[in-house]
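Bear in mind these aren't lab numbers, they're just calculated from the coordinates by the rules spelled out. A quick note: this is a predicted structure, and the numbers were derived from the prediction, not measured. Cβ sites come from the backbone with ideal geometry, for glycine too, and all protein chains shown count toward neighbours.
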Amino acid sequence: MEKQGKKLFADFQPVSTQQWEEQLLKDLKGADYAKKLIWKTNEGFDVKPYYRSEDIKSIAWLKSLPDVFPFVRGNQTKGNNWLVRQDLKVDNIKATNEKALDILMKGVDSLGFELGCHKSYTTEEIELLLKNIRADIAELNFFSTPMHLELVKILETLVKKYNRPLEAVNASVNFDPLARLLRRGIWYNNEEADFETAFQLIKAAKNLPLLRVIGVNGHIFTNAGATIVQELAFTLALAAEYLTHLTDKGLFIGEISPRIKFNLAVGSNYFMEIAKLRAYRLLWANITNAYGLNDANNGKMKMHLTNTTYNLSVYDPYVNMLRTTTSSMSAILGGADSLTVQPFDVPFETPTAFAERIARNQQLIIKEESYFDKVADPAAGSYYVESLTDSLIKAAWELFLEIQEKGGYLAAVKAGFIQQQIKETAQKRDMQIATRHEIILGTNQYPNLGEQLKQDFPSAVFEADDRRSESAIVETIVNYRGAQAFEKLRYQTDYYSRENKRPKVWILSYGNLAMRKARAGFVANFFGCAGYEIQDNTGFTTIEQGIEAAQASKAEIIVLCSSDEEYTDTARKAFEALHPNKIVVLAGNPMPLANELKAAGMEHFIHVKSNLLETLKQFQQLLGIEKH
């Protein structure tokens, strides 16, 4: 009994923060602590290299329980179950129904129907779409349609016709005119009429208590390149706008909040995304409470998650499976109510049956084999995750209040404030991708050198998804993928190479073994991102041997790879011997030698500080590829 009562690690002396810091400074050997170990996030706050219990002492919610206000720890008292959702595009009603029935037998328990945005559906058509689907068992979600009010009425009619219990029908109709305004620049009808429709939708759904009729589509911010803090603040401000308008119409918060469903996107920033969902719930609970909650449960947030498309790629597309797996894990550990996994081929084609099967199985494996559904809020108590949650809450709340000071979400959109914030962040992230401070594996780092796209792709694959209407009344935002600029450039190379010789990069490596190997690897990654053929060499004993072999090669580009010291005596000699028949590039940027080489006519230097995208565009021009 005495042994059983002994604390684990009791034999180890506690280590103070001061001791940790002293050891870190010793290991850094004079290097800058802030530059080496502090993560400067796009979200606007710093992340330390380690956290301790003292970092979370002031956090108020630590003693709260799951399913207890402010719900930071989730909406379930025990366990962490979620709905496995798959979305289906409704082109053919009968075929879509058959597919829905098939996937319901394969682990799916939530269906998303993407209806035609210019089509009006009859009761008979919706009945055929839902044939043999138990509305009281499978969750039903409808989106991309303007006939929201009609759908609510049709659903109630069909539920009664088939004698399903009204209180058990879990469904949603995604009415979100505020998101539409920001993406398309127009209302469904007009501002007053659209808020009246929202009011009428809530009234029409009174007999279906689990029907969510107002959508808050925060994914439009994520997929436009916004930071997590911006996504949080803008999404919550959008939702608060509905609360304000609908309470002004005479509804109380207990009627409105249970009718709202948040449709969000989750990215690959693993721990930050977990913290994001926890922050969402707490902030939403506090916002709804400010409108006069009479029941704490009405402050719960209903969240549907899908993987962001921002980080998905066309090249090396199987990596998309890894991206969606990690982000799906974040969504689940963060407490998603339902999840749609993006098929790996969604950036460039209508998903195949194989891709859809993989996407389904990703979350089925997470649930059935990895048991992510067994523990509520497993991140609770983590010094790191709790600190991230707290930082996100504070930063997002500050931005949320700034929006409210401008008159709220709608006023901020009309003034262009939200659009400008997203535009600036997107430009910053584009630069980070171009300079490889943000990595998209297989696209701007470690490309698959043997991969070539031989099929034709529509230009839209490599362009932003701009849905701005010709009659737009406000500035709009566009959704896009961060990889698109690199993909467009590399696709130009692949297209050009169908009828022309693929450009070849020949690596002239010599001298210091470690430096030439490191720089040769850097060069292969660098030019591989443009789809060029890369020929490495084992290294030459003398620069004269390398020059002779380079002259005999059929490569358009010769890259010198050695140490800075050896460049001093050899780089100019190699350049003068190979220029102008070859494009001569030096791997590195040795100063002041680089300036001397530039004065002698050498133009091309590639190094870790290069803007990869702009540099590759210059080579495309030199090779005449951009014209194809």
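Let me have the 222 nm mean residue ellipticity of the chain computed from DSSP H runs of 4+ only, each contributing -39500 (n - 2.57), with the sum over all residues rounded to the nearest 500.
Mean residue ellipticity at 222 nm (helix-derived): -13500 deg cm²/dmol.
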Study note, to complete from the structure: Put in order of increasing Cβ neighbours within 10 Å, starting from the fewest, L277, L25, L578 give L25, L578, L277
Practice item. Please report, in cubic angstrom per residue, the volume enclosed by the convex hull of the alpha-carbon atoms of region 410-494. Key: 100 Å³
Point to revise | Cβ-placed point charges (K, R +1; D, E -1), dipole of the chain about Cα centre in debye, nearest 20 | key: 700 debye
Point to revise | Proximal charge balance of E21 [Cβ under 14 Å; K/R count +1, D/E count -1] | key: 0
Study note, to complete from the structure: Filtering chymotrypsin sites (Phe, Trp or Tyr not before Pro) in region 96-150 by DSSP loop and by at most 13 other Cβ atoms within 10 Å leaves none
Check your understanding: Given the Cα-Cα distance of D295 and I133 and 0.36 nm per residue of separation, how much length would full extension add, in nm?
Key -> 55.0 nm
Check your understanding: Among T308, T235, which comes first, then next, by fewest other beta-carbon atoms within 10 Å?
Key -> T308, T235
Point to revise | Distance between modelled label sites at E368 and Q200, nm, 7 Å Cα→Cβ extension | key: 4.4 nm
Practice item. Counting other beta carbons within 10 Å of each Cβ, put I403, I583 in order, fewest first. Key: I583, I403
Point to revise | For V266, distant residues with modelled amide H under 5 Å away | key: T306, N307, T308
Revision key, fill the gap. Each label sits 7 Å from Cα toward the beta-carbon; between A60 and L37 the label points are separated, in nm, by 3.2 nm
Practice item. Select from Q427, Y383, G408 the residue farthest towards the positive end of the dipole of region 348-445; place +1 on Cβ of Lys and Arg, -1 on Cβ of Asp and Glu, and compute about the Cα centre. Key: Q427
Point to revise | Spin-label pair D465/E98, simplified geometry with 7 Å Cα→Cβ offset, distance in nm | key: 2.8 nm
Review point. Can you tell which of V505, S313, V108 lies farthest toward the positive end of the dipole of the chain, using +1 and -1 charges on the Cβ of basic and acidic side chains (Lys, Arg; Asp, Glu)?
Key: V108
Practice item. Using the Cα centre as the reference, give the magnitude of the dipole from point charges on the C-beta atoms of region 31-138 (Lys, Arg: +1; Asp, Glu: -1; all else neutral), rounded to the nearest 20 debye. Key: 600 debye
Study note, to complete from the structure: What the 5 Å binned alpha carbon P(r) of region 79-197 shows, as percent of pairs per bin from 0, is 2, 10, 20, 23, 19, 13, 9, 4, 1
Check your understanding: Between region 372-422 and region 256-332, how many Å separate their Cα centres?
Key -> 11 Å
Point to revise | Distribution of pairwise C-alpha distances over the chain, 20 Å bins, in % | key: 17, 44, 29, 10, 0
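What are the trypsin sites (Lys or Arg not before Pro) within region 475-577 that DSSP puts in a loop, where the Cβ has at most 15 other Cβ atoms within 10 Å?
R498, K501, K554
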Exercise for review: Towards the positive end of the charge dipole of the chain, with charges on Cβ (+1 Lys, Arg; -1 Asp, Glu), say which of L441, Y188, G588 has the farthest Cα.
Suggested key: L441
Check your understanding: Mean Kyte-Doolittle of at least -1.0 and a Cα length of 15 Å or more along the axis: which whole DSSP H helices of the chain meet both?
Key -> 93-104, 148-161, 191-204, 228-248, 270-290, 319-333, 353-368, 383-405, 417-434, 513-528, 612-623
Review point. Reported to two decimal places, what Rg/Rh ratio describes region 33-128 when computed on Cα atoms with Rh from the Kirkwood expression?
Key: 1.25
Point to revise | Dipole moment magnitude, nearest 20 debye, region 500-623 about Cα centre, only Lys, Arg, Asp, Glu C-beta charged | key: 420 debye
Review point. Taking Cα centroids, how far is region 99-137 from region 491-549 in Å?
Key: 54 Å
**Study point:** region 410-494, relative contact order [Cα under 8 Å, separation at least 6], %
**Key:** 33 percent
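Find how much the distance from H579 to K249 grows on full extension, using 0.36 nm per residue of separation minus their present alpha carbon separation; answer in nm with one decimal.
111.2 nm
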Point to revise | Of K153/K276; K206/K249; K40/K598; K428/K617, those spanning more than 25 Å from alpha-carbon to alpha-carbon | key: K153/K276; K40/K598
